[in-house]
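We did not get these values from a lab; they are worked out from the coordinates using the rules stated. Source: prediction; values computed, not measured. We place every Cβ from the backbone using ideal geometry, glycine too, and count neighbours over all the protein chains shown.
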Amino acid sequence: MANGVLIIGWNYPRSGLEQQALELFHTSIQYFATMQKEGRIESFEPVFLTAHGGDLNGMILVRGEEEKLAGLRRDSMFRKILVEGPLCLTGFGAIDGLINDGITDFLKDWTQFIKD
């Protein structure tokens, strides 16, 4: 079961670069489908958010084992996505996170520092 997530998020395409942003989205979906097929990630889910006035309007939520997700950052295709993303999308970024047992493990470590 996945204990980690990777969130690749963005705001809006840069003016005049909408087509490049769309192509990057399709490339990213194909990449994560391949990573899922190879067992490098557990699953992924594209998310488009409705208008809300904030600066996060879309993301891809990638689930997997924390160590395997960290390995994606060394993958050349993932690095290309990370380089191209900010060129055609505002607010582009990739954030690591924890779910399931990852949260449990984190809280075990964290509670060691709580003082009564």
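When segment 79-116 is filtered for residues that are in a loop (DSSP other than H, G, I, E, B), among the β-branched types (Val, Ile, Thr) and either in contact (Cβ under 8 Å) with a residue 40 or more places away in the chain or under 18 Å from Glu66 (Cα atoms) (or both), the ones remaining, listed by number, are Thr90, Ile99. Filter segment 55-74 down to the residues that are in a loop (DSSP other than H, G, I, E, B) and touching a residue at least 24 places away in the same chain (Cβ under 8 Å), then identify the one that is farthest from Gln20 (Cα to Cα). Among those that are in a loop (DSSP other than H, G, I, E, B) and touching a residue at least 24 places away in the same chain (Cβ under 8 Å), it is Glu65. Looking only at residues in segment 10-58 that are of a type in the set (Val, Ile, Thr) and touching a strand residue (DSSP E or B) at 6+ places or on another chain (Cβ under 6 Å), the one that is nearest to Arg79 (Cα to Cα) is Ile41.
Selection of first residues in segment 32-54 that are closer than 17 Å to Gly64 by Cα and without any contact (Cβ under 8 Å) to a residue 60 or more places away in the chain and of second residues that are of a type in the set (Ser, Thr, Tyr) and assigned to a strand (DSSP E or B), restricted to Cβ pairs under 7 Å at least 6 apart or on distinct chains, gives the following pairs, ordered by first then second residue: Gln36/Ser43.
To keep it simple, each residue is scored yes or no on (1) surrounded by fewer than 17 Cβ atoms within 10 Å (Cβ to Cβ); (2) closer than 22 Å to Ala2 by Cα; (3) among the acidic types (Asp, Glu).
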site	(1), (2), (3)
Leu72	no, yes, no
Gly85	no, no, no
Thr90	yes, no, no
Gly97	yes, yes, no
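Restricting Ile95, Ile81, Ile29 to residues that are of a type in the set (Val, Ile, Thr) and touching a helix residue (DSSP H, G or I) at 6+ places or on another chain (Cβ under 8 Å) narrows the list to Ile81.
Taking the criterion of being among the aromatic types (Phe, Trp, Tyr) and either out of contact with any Pro (no Cβ under 7 Å at 6 or more places or on another chain) or at positive phi (or both), the only residue of segment 70-101 that qualifies is Phe78.
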